[in-house]
Amino acid sequence: MFGWNGRILHVNLNKEKAVADKYDAVMARNFLGGRGFAAKILWDELKPGIDPLSPANRLVFATGPLTGFGLPSSGKMVVAAKSPLTWGYGDGNIGTFASVQMRKAGYDAVVIEGKAKNPMAMLIRNESADFFDAKDLWGLTSSQTERRLAELYGHSAGVLCIGQAGENLVKYANIVSQEGRAGGRPGIGAVMGSKNLKAVVIIGSKELSAANPEEIKDLGGEAYREVLAKPNYVFWKRQGTMSTIEWSQENSVLPTRNYSEGVFEKASNIGGFAMEKIKTSNRGCPQCNMTCGNIVKDSDRKESELDYENVAMLGSNIGLANLKSIASLNRLADEYGLDTISLGNVLGFAMEASEKGLIKEDIAWGKYKAAKTLIKDIAYRQGYLGNLLADGVYSAAKEFGGGSDRWAMHVKGLEISAYDCHTTPGMALAFSTCSVGAHHKDAWVISWEVKTDREGYTTEKVDKVIELQRIRGGVFECLTVCRLPWIELGFELEWYRKFLRATTGVEMPWPTLNLIGDRVFNLIRAFWVREFGDKWTADMDVPPQRWFEEPLTKGPMKGKKLDRSEFGNMLQTYYQKRGWDSRGIPTGSTLLRLGLEDAARELRGKVKMTL
Ligand code: PTT
Ligand code: SF4
């Protein structure tokens, strides 16, 4: 095979052993890489019902056939496991040198099982895998850990590590790399912590084999130049994702005070232009020439990297309007290895519970110091509230009672990303049906939706959600390349087919790529259904009650909310188009059409299936 290394490294932490296994061209062509490989590995290797924080869970790091080549924004990888937050499939996408180094070490994925007896770290260097004591690293923040490891192995070594949140099994702990890139929202960092694994260092020095090395060189050069020439390039370098704050405010979708409103009275204090005034530099992922990490000095005079989601969730969603203070909270999240989206959700949820008198702690909207203390409590699971909030809003609502489940903002247990959907049914559908819970990654339909029939529950919207789930959740997550050149600068999709042909020698027309996207999406759905069995109903795919029950009270969309019955109809149309039954379970013929015979067989033994 060209392009793919054809090897996966299987690590067993109980035995402190690593063995490289080959996989064949059928696996490569059917699942491509990244999310496709992760889904297939987790489906094949996990027994349903296992505790995600037990040694039986698998932690998967997976790259794609473009990773490691000189191609734009291709330095990312998927980190995946059964999620301790949702008990379903979980993954995230992280920009890291570890992706490039893993491919150059000769692997396309690393799969880790078992649990080390004591805190441990691993060094993978080409054919060798060494396990070493990490008691000196345990308890350190992510940046302290990375700096120690860089002293030992050099700055170009790839490092994936956890902070204290992962060690303490906070259910939305993520994995951190390069002091500010973080991935694995559904608690993939907690899975790493449950294995007593503080860090994985990867160093590779092999040449990647490509079908057409000359073509890659030419295409790469041309593509990088094309990115630079895009009209929006200069503005993108200035603000990156931060300009979305102004966009969300203008369109009444900026999450404000636990998603009770879509406009924030002080949005201009925390937007892209405010950020530019305190910005010091740009940082980014490997292989990228449109780096978008906005580095600012925070209120503790330390460096913090700002993105839209981080600022909306730790700013407007908790009623905080001081950008430097938001940056400090964001830095703490990176240091502890806490997902900022879930963190902003639990903080907003606790503030609302405090306001409504459901908890005795006094944490008012916008109180920076209270938020800072609470973040530490969560990361260390200390105190009643810190420990409770470390399990996410779904669990906290059960404890708080008082109808708080109606404003616990999650789908399937994963907290919602930073878009209020009182007035955007299409985006609500995207959140409801995303493969990991409420994440915007599979279908960010909202930008198209607000420009078209904004409040409609149309078939066209259903089609658009599915189209995006195929491209973003499928092609980009399987190739593990960054989707932002396409979305933000209009870098044409056709490039990726050309890249794929040059690296692998395989010509994949769009229908084939879409089929792969559907195969992976359906396998992930089968994973969820296998876990939940007969408890799986269409209610798993429903957005939070707040959006149906409490209209917006401010801004141009004042008085609006979602319509429950229209949403239900739209969801059923989505199921029909996906080839799923009325509970959202793939039919036998859908699974067989996608070549998922295993999944069809196993699900038949678990739930009553439609043929
Ligand atoms: C992603 C989610 C996002 S999406 C953001 S900001 W965004 C948050 N970032 C966090 C952070 O930072 N620190 C932290 N402690 N927690 C964080 N949680 C949140 O995680 C990220 C970029 C961004 S910035 C986005 S949109 C795009 N996401 C991509 C994706 O998912 N797939 C893909 N093929 N390309 C993408 N390109 C963009 O990458 P999750 P990163 Mg991330 C500091 O992890 O779990 O997928 O959730 O990886 O390397 O930091 O790049 O406005
Ligand atoms: Fe990373 Fe941003 Fe570049 Fe994407 S555009 S690869 S997120 S630095």
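The values are calculated or read from the model by the stated rules, or taken from the named source; none is laboratory data. Only a predicted model underlies this, so the values are computations on that prediction, with no experimental measurement involved. Heads up, the Cβs are rebuilt from the backbone with ideal geometry, glycines too, and the neighbour counts pull from every protein chain shown. To get the accessible areas, we keep the full protein, side chains included, count just its heavy atoms, and leave off ligands, DNA and RNA. Shrake-Rupley method; radii C 1.70, N 1.55, O 1.52, S 1.80 Å.
The table below gives the values:
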{"quantity": "Reach of K451 by Cα under 17 Å, taken over lysines that are not fewer than 8 positions away in the same chain", "calculated": "K461, K464"}
{"quantity": "Global geometry of the stretch 57-110, whether rounded, prolate or oblate, following the gyration tensor of its Cα atoms and the 1.5 cut on a/c", "calculated": "prolate"}
{"quantity": "Packing-based order for 313-322, 451-460, using average beta carbon neighbours within 10 Å, highest first", "calculated": "313-322, 451-460"}
{"quantity": "√(5λ) per eigenvalue of the Cα gyration tensor, the chain, largest first, Å", "calculated": "33, 28, 25"}
{"quantity": "Gain upon complete extension [W510, D539; 0.36 nm per residue less C-alpha separation]", "calculated": "7.2 nm"}
{"quantity": "When the convex hull of its Cα atoms is projected in every direction, mean area for the stretch 1-149 (nm²)", "calculated": "9.4 nm²"}
{"quantity": "Centre separation in Å (Cα based) which lies between the stretch 1-21 and the stretch 167-186", "calculated": "23 Å"}
{"quantity": "Pairs of Lys in the stretch 201-359 closer than 19 Å at Cα, counting only those 8 or more apart or on different chains", "calculated": "14"}
{"quantity": "Unsatisfied cross-links (Cα-Cα over 30 Å) in the set K198/K367; K17/K376; K40/K441; K117/K372", "calculated": "K198/K367; K17/K376; K117/K372"}
{"quantity": "Nonlocal amide H pairs with T256, under 5 Å, H built at 1.01 Å", "calculated": "E261"}
{"quantity": "Per residue, the convex hull volume that the Cα atoms of the stretch 153-202 enclose (Å³)", "calculated": "67 Å³"}
{"quantity": "Hypothetical label at R225: residues of the stretch 478-520 whose amide nitrogen lies under 16 Å (7 Å Cα-Cβ projection)", "calculated": "none"}
{"quantity": "Over 24 Å [Cα-Cα, the stretch 365-481], rounded percent", "calculated": "41 percent"}
{"quantity": "Segment E215-I487, extension gain: residue separation times 0.36 nm, minus the distance between their alpha carbons", "calculated": "95.4 nm"}
{"quantity": "Cut-off 13 Å between beta-carbons: net charge of the residues surrounding E222, Lys and Arg +1, Asp and Glu -1", "calculated": "-3"}
{"quantity": "Centre separation in Å (Cα based) which lies between the stretch 274-342 and the stretch 242-257", "calculated": "16 Å"}
{"quantity": "Label-point separation, K372 to Y384 (7 Å along Cα→Cβ), nm", "calculated": "2.6 nm"}
{"quantity": "Mean separation of Cα contacts under 8 Å, 6 or more apart, over the residue count of the chain: relative contact order %", "calculated": "15 percent"}
{"quantity": "Alpha carbon centroid spacing (whole Å) that separates the stretch 356-387 from the stretch 456-474", "calculated": "38 Å"}
{"quantity": "Rounded percent of accessible protein surface that carbon and sulfur make up, the chain, 1.4 Å probe", "calculated": "49 percent"}
{"quantity": "Accessible solvent surface per residue of the chain, calculated while the other protein chains remain in place, 1.4 angstrom probe, Å²", "calculated": "34 Å²"}
{"quantity": "Residue list for the stretch 410-437, given a label point 7 angstrom along the Cα-to-Cβ vector of N569 and an amide N cut-off under 15 Å", "calculated": "425-426"}
{"quantity": "Label point distance in nm, S447-N12, each placed 7 Å from Cα along Cα→Cβ", "calculated": "4.7 nm"}
{"quantity": "Segment D51-D130, length gained on full extension (0.36 nm per residue, minus Cα span)", "calculated": "25.7 nm"}
{"quantity": "Kyte-Doolittle at least -1.0, axis length at least 30 Å by Cα - qualifying DSSP helices, the chain", "calculated": "510-532"}
{"quantity": "Principal axes of the stretch 429-565: Cα extent on each, largest first, Å", "calculated": "55, 41, 23"}
{"quantity": "At R0 = 45 Å, FRET efficiency that the Cβ-Cβ distance of E207 and K237 yields, to 0.05", "calculated": "0.90"}
{"quantity": "Whole-number percent relative contact order across the stretch 1-154, with pairs defined as alpha carbons under 8 Å at least 6 apart", "calculated": "25 percent"}
{"quantity": "Reduced Cα scattering model of the stretch 336-375, Debye log10 I(q)/I(0), q = 0.17, 0.27, 0.32 Å⁻¹", "calculated": "-0.41, -0.92, -1.14"}
